[in-house]
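Below you'll find the structure, written out as structure tokens, and then a few comments.
Every number here is computed from the coordinates shown, using simple stated rules; none is lab data. A quick note: this is a predicted structure, and the numbers were derived from the prediction, not measured. For neighbour counting, all protein chains shown are included, and Cβ atoms are generated from backbone atoms with ideal geometry for every residue, glycine included.
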């Protein structure tokens, strides 16, 4: 087995985000990022995960600002899942702050 | 010379960040029942008995006709195994078990919702389902031997049923991981030339019923955009009779399988006797924007290899309950959920959902309830289960005899949790190394005969003779403390046959680097380049360090080009990036980054600085590029792949090679004028390169 499944898991998590997205621009960003995840070698997935976390961060604050609480809650759950995946796959470091993310 | 010495020191440093660990020995209870407990196995599979040693694996199968040539090397590196032999993979995985274990359970499917009933499918029932779907594929969908059929299926029993139905007909299946987008699926459909797509309306993940059929529509549209038309979409329903998708069925194209199957009830399809070297399936690898890479696996060689390794390395007996906690959408699932275990007539567990749903105790409840005694998963899953439920395994009374870890190097402390807590100190662990291209395990301990060592996969498996080469093709000796490129010196039955439709790419990526004589028919001249870095300890055990594709070695630090490029495009203004090496007197190699900016942005020194800063922040100071060049466009092939060797040639003032196949050859001169003029002005013209350095630049970027 190779690490192909890491690519797949990231794509899968982003697909959940794609479904939750409440505005077209956000969904387009997710689709673009998912495409990148699917075409990035597993060894270079780290920065893609970082961008995904930052994208969710942006989306949920947007949703919260607009009072889209259902989307906000779902995005928070997806972010949690993405975070756990990133840490367990060695793509993120435990305990990083949002600003520090990306340093591996 | 100074740079070379520095490189060696650094490789050693990379390699030794995990210290050598102590051995763990298998318990006597395991050895007493193990399939592979005879030390004579090592002698039987030693190089002096190659290739005939693999007859022992092939003899585990039922053949319609015996082979006359074990290994045909007449057209290297397109090896042919068991030439003249004929067999059917579905017959071997299903029919032949009906005589002695008709009512034994072949597959246990565990749905994600815990209240939903677990389904057990006996070999008899599997035979019925495979035959009925094979009849449907042949008579309704019109597929015939040699055709390709693409699946985009989640973890449901319909996936192995569909695979085996194709195998029964001699049809080449190509499963795309169910979580992938419709776009990725469509690209693979077009590449493989599949007129039939088999999918499902929905599946459960994290407690949600996911709309999956919508992706089929995207896939068909994507394939159409690539000039390929899908004739029929066959849709299994997660709950037969109820449609779980919002996506409308397209009249004349989309069909519910459960509605059609009524017409094929009780139909039996004679298994097609296939030549051993006939393709069984394609498995696409991801990780490239270039044309997808479909690894073509054979029928006889592949099936023999996964059956043999399942028997000896997974220690599967027919009476075991075996659970490989991977997805069938990857090679692990093909080899070690479906083909290997079913060929041995065991019970294989399939789980639909995520490991931690609804809580991290779920895997252990499943294992306890089903009496699983062999467990197989990946380090990422192990880390997740450890993180979220470190004490959960102790709450359940399951008892594993054997556990596998696969897919990534596993840290010794994670390994020890797996051994102590999940295995309760009683199960052996095999830490396996292999790849999509390989069919089955390449590196592992033979669990009853070789001790385990946390963090090391072990030596080459039976009949596999690995070697580590440095960049010059010199052998890196075991115990030297130096890392290099792990290669396999010999062909083996499970090795993929080619990259579907791209034989030149197959040779270029996997054999060109260390081929000693391209005219030679001797397999010894054609080592297989695995693309992973590794270190071999004095005891012969390998420690895998990760991919070596397109690495730029800066003062001994191996920097992945993809990682550098991914960091670059975190800068908002950047559309595309390409990293290349440039010769550097001080550091051996330095990094140069070429970027293009998104529409609406203009080049500026500020953007260059942002790119350099992003790389420094995300990867480290050592990776800071020597130069960032903003270019109007990258030189690309017609399929959109950036030609890194061309820009590497520009950066190093060497020949850029053939540019006639580029989609935009005109940009090359523009880039060259701009970059080289600037370098001359800065006094950065490199010295004359040695022939080896010129070769390195020419070869750069070819690994993708």
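Miscellaneous remarks
- Intensity falloff of segment B:448-544 expressed as log10 I(q)/I(0), Debye formula with alpha-carbon point scatterers, at q = 0.13, 0.22 Å⁻¹: -0.48, -1.18
- In a fully extended conformation the segment linking residue B:699 and residue B:674 would gain 6.7 nm over its present Cα-Cα distance, using 0.36 nm per residue.
- Within segment B:496-534, backbone nitrogen closer than 14 Å to the virtual label 7 Å beyond the Cα of residue B:658 toward Cβ: B:504-505, B:508
- Each Cα pair under 8 Å and six or more residues apart adds its separation to the average, and for segment B:553-614 the resulting relative contact order is 34 percent.
- Modelled label positions at residue B:40 and residue A:73, each set 7 Å beyond Cα in the direction of Cβ, lie 6.7 nm from each other.
- Once the Cα atoms are used to define both axes, helix B:158-169 deviates from the longest principal axis of chain B by about 90 degrees.
- Helix B:123-139 axis, angle to chain B major axis (alpha carbon atoms, nearest 10°): 60 degrees
- Three-way shape label, segment B:315-368, alpha-carbon gyration tensor, a/c 1.5: oblate
- Summarised as an ellipsoid, the protein assembly as shown has semi-axes of 40, 32, 27 Å, derived from the eigenvalues of the Cα gyration tensor scaled by 5 and square-rooted, with the largest first.
- Three-way shape label, chain B, alpha-carbon gyration tensor, a/c 1.5: prolate
- Averaged over the residues of peptide B:428-434, the number of Cβ atoms from other protein chains lying within 10 Å of each residue's Cβ is 1.
- Exercise: per-residue mean of other protein chain Cβ atoms within 10 Å, A:42-54: 5
- Segment B:575-658: C-alpha gyration tensor shape, a/c 1.5 cut-off, then a/b vs b/c: oblate
- In this calculation the C-beta distance from residue B:33 to residue B:209 is compared with R0 = 51 Å, giving a FRET efficiency of 0.75.
- Projected label distance in nm at residue B:621 and residue B:225, using a 7 Å step from Cα toward the beta-carbon: 4.4 nm
- Principal-axis tilt of helix A:69-88 within chain A, Cα atoms, nearest 10 degrees: 10 degrees
- Sites residue B:688 and residue B:633 - FRET efficiency at Förster radius 22 Å, r taken between beta-carbons, to 0.05: 0.15
- A helix-only calculation puts chain B at -8000 deg cm²/dmol for mean residue ellipticity at 222 nm, using -39500 (n - 2.57) for each DSSP H run of at least four residues, averaged over all residues.
- R0 of 30 Å, Cβ-Cβ distance residue B:218-residue B:145: FRET efficiency to nearest 0.05: 0.50
- Per residue of B:174-182, other chain Cβ atoms within 10 Å of the residue Cβ number 5 on average.
- Likely footprinting exposure, B:322, B:511, B:336, B:25, fewest C-beta neighbours within 10 Å first: B:25, B:511, B:322, B:336
- Each peptide in B:431-444, B:217-230 gets a packing score, the mean of other Cβ atoms within 10 Å over its residues, and the list from highest to lowest is B:431-444, B:217-230.
- Residue order, fewest to most beta carbons within 10 Å, for B:93, A:88: A:88, B:93
- Full-extension gain in nm, residue B:259 to residue B:75, via 0.36 nm per residue minus C-alpha separation: 61.5 nm
- Ranked packing of B:152-162, B:40-50, A:65-75, most packed first, by mean Cβ within 10 Å: B:152-162, A:65-75, B:40-50
- Zone of residue B:64's modelled label, taken as backbone nitrogen in segment B:298-323 under 14 Å from a point 7 Å along Cα→Cβ: B:299-300
- Working from Cα pairs under 8 Å separated by at least six residues, relative contact order for chain B is 13 percent.
- Separation of the residue B:416 and residue B:103 label points, Cα + 7 Å toward Cβ, nm: 4.9 nm
- Take the convex hull of the alpha carbons in segment B:602-642; its mean projected area over all directions comes to 3.8 nm².
- With neighbour counts taken as other beta-carbon atoms within 10 Å, the residues B:310, B:520, B:192 rank, fewest first, as B:520, B:192, B:310.
- Over all distinct Cα-Cα pairs of segment B:85-211, the Kirkwood formula returns a hydrodynamic radius of 15.6 Å.
- Peptide packing: for B:598-607, B:497-506, the average count of neighbouring Cβ atoms within 10 Å per residue gives the ranking B:497-506, B:598-607, highest mean first.
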